[in-house]
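Throughout, read-outs are computed from the coordinates displayed, never taken from laboratory work. A quick note: this is a predicted structure, and the numbers were derived from the prediction, not measured. When we count neighbours, we look across all protein chains shown, and the Cβ atoms used for this are built from the backbone with ideal geometry, even at glycine.
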There are 2 protein chains.
Amino acid sequence: MSIKKLAEYLGLSKSTVSRALNGYLDVNKDTREKVLKAAQELGYKANPTAKRLASGKSRTLGIILPSDSNMFVSPAFAKVLVSLSEFLAQQDYQLIVTTIFDWQDETQVYLDLITSGLVDGIFIARTRCNDLRLTLLEKHRFPYVCFGFEEGFSKESFIDVDNQQAFYQLTQRQISLGHTQIAFINASAELTLSQARKEGYLRAMKEAGLVIESDWILHAELKQENALLMTEQLMQSNNPPTSILCADDSMALGAIASCEALGYKPGINIAITGYGDYQHSRYVKPAITTIKYDTSAVGKEMAKLMLNKLENTAFHIQNWHQTEMLVRQSDCHARASKI
Amino acid sequence: MSIKKLAEYLGLSKSTVSRALNGYLDVNKDTREKVLKAAQELGYKANPTAKRLASGKSRTLGIILPSDSNMFVSPAFAKVLVSLSEFLAQQDYQLIVTTIFDWQDETQVYLDLITSGLVDGIFIARTRCNDLRLTLLEKHRFPYVCFGFEEGFSKESFIDVDNQQAFYQLTQRQISLGHTQIAFINASAELTLSQARKEGYLRAMKEAGLVIESDWILHAELKQENALLMTEQLMQSNNPPTSILCADDSMALGAIASCEALGYKPGINIAITGYGDYQHSRYVKPAITTIKYDTSAVGKEMAKLMLNKLENTAFHIQNWHQTEMLVRQSDCHARASKI
DNA sequence: CAATCTATCAAAACCGGTTTTGTAAAAGCT
DNA sequence: AGCTTTTACAAAACCGGTTTTGATAGATTG
């Protein structure tokens, strides 16, 4: 069922049918109704590919995942992605998910996607400091939306949660529990979220007048193993912390396992916290004290922000999203460590 | 940079340039080289949209996720998807990820996707018994590949792991540990994998001459909460099992939590097993005895199978994938329950 | 009443490719 | 030499839409 056949069936020209279907004004009311009715009856649907070619718009958005990363496997991110995809589907937009390999030049992959015409815009998952991807996208004036705020780039392009506040709160809680030796197994240093979290941590430490040991601030990819190894190092050092903040709940799990292996009792004589409220976090022992945020709201806002850029929609955007601390059993009073 | 401009630059016609780039034989060797060189220098890349329209092929594949499902959040499935996407990317294919809402008619959504011309083929994630989606796809002779074997449909369209064998093995192990009262919290009954697993369970039970209580075979969606509630029921019944097989590691975690809440000691006086080897499984206490399979191989084989259907490629396909039992600490001897 | 508008539709160009058909020159054959 | 093939390219049609331009009839206007 093409527009040509529909036009022939109606005894009209292609152009009139097209204009009728697309709400142009120079088409008689009766004619439009006839066209709409016939389209309905014959089950006509405009071929998206032809539409793309003619209009230059693909109604498709892209997101590129580093293939080696566990990003996709992170439950929080997966939820964001589902919610993003959901909202886009409602607006008749498609989402293409691509991967990038270690051996590929990231900039080139983004450039290819930009110039391919395959997508109208790109989502960026974890913003990095001085993110070359953003520089590239800005240079090409290509629409993008990031999950992660970066200073200096357009405010119109970011959705983020208040990472600083979250870790300020978490740190403050540890302090209020009597901890003075608080380590922080942070995410990779190049991520903006790592910087924000570190600031939150530092702010709380400074406000409390605590000494900040640079050895206590570590960076690693969000994997259990990394946290496990780092915790081992921390706890076996001359000056072991009494509380360890982890960058996510996976790491918290690794840290817990490590502490237990060393004879500590997490939640009793060593405090451990996570981030993200992963599905397992309330079921493990001890249940992980963590930070939760509305993942599906974040995904939806990212989609809305993108649509505002691409269309004349004016969705109200909530750029910053609140986090909530979920206090469970993996952290504890500092004095307990002297049991 | 369009083919027209490239042709003008070269002083050739569009058609010759197109044929040169696409390896047709009626083009002089020298000419072809000139064209290739110029394309390289001027950075010419054929517009995919135009190519799609002309060729009728989109080089795009689709996968539809139920929005309410936790499928996407399942680490095993996420890995399959990443690996799928990776292989497709290498072959210059795109992957569109769409969601479907509760209120939408699933058949209609699939039909729309089929007729839209947006995708050349569809991946199906969890095959169901008498799967209407497969019926539809077969009827339209639309290329598809499933993760999950269903009797009666073309063998050319399935990749699967040996679910039956996996649960046969798991059950057998429980029996060899002295268990006679083995419950099975299975996945939703409509999934083919649930049927296969049940068969494996039943086979092992029958071979051992054990009584099979129908109350011990339960079905639910793969969520911690479900396993938690069901375990509670099981353990508080007149005839509590001494071993509980769970459909995945999330459920195992729920079952463990439930047993602990009831005063049992999983891995000591109640045996619990999972499936999927999720990331958390080796770090929780007790570490979960589970089934592992090569998720990235599955994803890759699905992609290869699809390409075999769409192109004249002849990748060798491994339809069935081995599973491996990982014995850890969440299951135990039956006699221990009498401690 | 002739001139100008306006409403409504058709024709044609275009998006950027692929594919079919057409054609001139070179090569092969008897 | 004269005919048929082959080679190598160009022209044009096509994929299925959108958009620009064109045309006709009826209504409006001075």
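Worth a mention:
- For the stretch B:42-167: rounded, prolate or oblate by the Cα gyration tensor [a/c cutoff 1.5]: prolate
- Net charge dipole size for the stretch B:292-339 [Lys, Arg +1 and Asp, Glu -1 on Cβ; Debye, nearest 20]: 260 debye
- Leading residue at positive end of dipole, the protein assembly as shown (Cβ point charges), from A:315, A:101, A:125: A:315
- For the stretch A:15-92, the equivalent ellipsoid derived from the alpha-carbon gyration tensor has semi-axes of 40, 14, 10 Å in decreasing order.
- Among beta bridges that DSSP assigns inside chain B, antiparallel share in %, nearest 5: 15 percent
- Cα-based helix-to-principal-axis angle, A:106-116 vs chain A, degrees rounded to 10: 20 degrees
- Approximate shape of chain A as ellipsoid semi-axes (Cα gyration tensor, √5λ), whole Å, largest first: 52, 19, 17
- Label 7 Å beyond Cα on the Cβ vector: residue B:238 copy-to-copy distances, nm: 6.9
- Relative contact order for the stretch A:3-46, counting Cα pairs under 8 Å that sit 6 or more residues apart, in percent: 38 percent
- Neighbour net charge for residue B:290 - beta-carbon separation under 11 angstrom, K R +1, D E -1: -2
- Fraction of the pair-distance distribution of the stretch A:263-339 above 17 Å, Cα-Cα pairs, percent: 58 percent
- For chain A: relative contact order, % (alpha-carbon pairs under 8 angstrom, 6 or more apart): 16 percent
- Cα Rg over Rh - the stretch B:197-259, Kirkwood: 0.97
- Charge tally in the Cβ shell below 13 Å around residue B:118, where Lys, Arg are +1 and Asp, Glu are -1, residue B:118 excluded: +4
- Paramagnetic label reach from residue B:132 (point 7 Å along Cα→Cβ; backbone nitrogen cut-off under 20 Å): within the stretch B:220-239, residues B:221.
- Bridgeable lysines around residue A:300 (alpha carbons under 16 Å apart, same-chain partners fewer than 8 residues away excluded): A:79, A:309.
- For the stretch A:3-46, alpha-carbon Rg and Dmax in angstrom: 9.0, 24
- Relative to its residue count, the protein assembly as shown spans a Cα convex hull of 189 Å³ per residue.
- Using alpha-carbon coordinates, inclination of helix A:192-207 to the longest axis of chain A, degrees: 40 degrees
- Cubic angstrom per residue, convex hull over Cα atoms of the stretch B:104-253: 126 Å³
- Length-normalised contact order of the stretch A:243-339 in % [C-alpha pairs under 8 Å, at least 6 apart]: 35 percent
- The charge dipole of the protein assembly as shown, taken about the Cα centre with unit charges on the Cβ atoms of Lys, Arg (+1) and Asp, Glu (-1), comes to about 1300 debye, rounded to the nearest 20.
- Charge sum, other residues only, whose C-beta stays under 12 Å from residue A:19's C-beta, Lys/Arg counted +1 and Asp/Glu -1: +1
- Helix-derived mean residue ellipticity, 222 nm - over the protein assembly as shown, DSSP H n ≥ 4, -39500 (n - 2.57), to 500: -13500 deg cm²/dmol
- Straight-distance candidates among the lysines for linking to residue B:14, with alpha-carbon spacing under 18 Å and chain neighbours fewer than 8 residues away dropped: B:4, B:5, B:29, B:34, B:37, B:45, B:51.
- R0 of 22 Å, Cβ-Cβ distance residue B:312-residue B:92: FRET efficiency to nearest 0.05: 0.90
- Partners of residue A:285 within straight-line reach, counting aspartates and glutamates whose Cα lies under 13 Å from its Cα and excluding those fewer than 8 residues away in the same chain: A:249, A:260, A:331, B:260.
- In degrees, nearest ten, helix A:295-310 long axis to first principal axis of chain A (Cα): 40 degrees
- Relative to the globular-protein estimate of 2.2 N^0.38 Å, the Cα radius of gyration of the stretch B:174-328 stands at 1.16.
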